[in-house]
Amino acid sequence: APGFHALKPTDGLLAIAFPLLWGFGFAAAKYGVGHFPPIFLTACRFGLSALVLVWFVRPPWHLLRRIFLVSIVSASISYALIYTGLQGIDVSTAALLTQLEVVSAAILATVFLKERLGWKSVAGMTISFAGLMFIFGEPKVQSNLLPVVMVLAGGVSWATGQVLVRTLGNVGGFTL
């Protein structure tokens, strides 16, 4: 068919590997919050990342205050909320709820950055919200809404951080 190309085996493996790794990250986080406080786990996650990257990335000193704000909003607050919520809900429910990060980012970008959403995006977002209603209708979610709200709030925090990232402009040779 026109426009369709055969998928290379390496592309297929990558298409499978990334969601599996992402899902494994949630399973590891669920295990972690069973043994450590969520905010400590968040600090360890980003502290380890910083220790690895500090040797390879030169800080854009002129943007440091704004980058600090972005990191607090999109990482520290976001993951503290998500990990705290993860203590009270299943990994699968949390993974599905965090998918609304993308929808939240699109809505926030439309409102604050004046980006335009096409009809396909709006249709996809509508389907996402419909799926969310099914999750909210589940009895074990109904009896434990606070963790669900925390995971959703963490997603909105992440999305807010992504909108803030877009306002940084050129960072390290990359236009965001």
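The values are calculated or read from the model by the stated rules, or taken from the named source; none is laboratory data. Quick caveat: nothing in here was measured; it's all calculated off a predicted structure. All Cβ positions, even for glycine, are placed from backbone atoms using ideal geometry, and neighbour counts span all protein chains on display. Ligands, DNA and RNA are stripped out before the accessible areas are found, and what is left, the full protein with its side chains, is counted by its heavy atoms. Shrake-Rupley method; radii C 1.70, N 1.55, O 1.52, S 1.80 Å.
So here's what we get for this one:
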read-out	value
Residue in the range 4-14 that is of a type in the set (A, V, I, L, M, F, W, C) and in a helix (DSSP H, G or I) present	yes
Considering residues of the range 127-137 that are in contact (Cβ under 8 Å) with a residue 24 or more places away in the chain and not hydrophobic (A, V, I, L, M, F, W, C) only, the residue surrounded by the most Cβ atoms within 10 Å (Cβ to Cβ)	Ser128
In the range 77-93, residue nearest to the chain's Cα centre (by Cα) [restricted to those that are at pLDDT 90 or above and among the aliphatic types (A, V, I, L, M)]	Ile82
Pair list, Cβ under 8 Å, 6 or more apart: the range 46-64 residue touching a residue at least 12 places away in the same chain (Cβ under 8 Å), other residue in a loop (DSSP other than H, G, I, E, B) and aliphatic (A, V, I, L, M)	Leu63/Leu168
Residue in the range 108-124 that is part of a helix (DSSP H, G or I), in contact (Cβ under 8 Å) with a residue 24 or more places away in the chain, closer than 28 Å to Ala43 by Cα and not small (Gly, Ala, Ser) present	yes
Residues (assigned to a helix (DSSP H, G or I), free of Cβ contacts under 8 Å to residues at least 60 places away in the same chain and either under 21 Å from Trp158 (Cβ atoms) or not hydroxyl-bearing (Ser, Thr, Tyr) (or both)) located in the range 30-45	Gly32, Val33, Pro38, Ile39, Phe40, Leu41, Thr42, Ala43, Cys44, Arg45
Residue tally, condition surrounded by fewer than 16 Cβ atoms within 10 Å (Cβ to Cβ) and within 15 Å of Val148 (Cβ to Cβ), over the range 92-122	2
Filter result (open to solvent by less than 100 Å² (accessible area, probe 1.4 Å) and more than 17 Å from Ile82 (Cβ to Cβ)) within the range 17-40	Ala17, Pro19
Selected residue (only one of Leu146, Leu168, Leu81 is under 20 Å from Leu69 (Cα atoms) and open to solvent by 40 Å² or more (accessible area, probe 1.4 Å))	Leu81
Residue within the range 151-162 that is touching a helix residue (DSSP H, G or I) at 6+ places or on another chain (Cβ under 7 Å) and either surrounded by fewer than 12 Cβ atoms within 10 Å (Cβ to Cβ) or aromatic (Phe, Trp, Tyr) (or both) present	yes
Members of the range 40-87 found to be within 28 Å of Pro147 (Cβ to Cβ) and among the β-branched types (Val, Ile, Thr), listed by number	Thr42, Val70, Ile72, Val73, Ile77, Ile82, Thr84
Qualifying residue in the range 49-66 (condition: assigned to a helix (DSSP H, G or I), of a type outside the set (Val, Ile, Thr), in contact with a Gly (Cβ under 9 Å, 6 or more places away or on another chain) and open to solvent by less than 90 Å² (accessible area, probe 1.4 Å))	yes
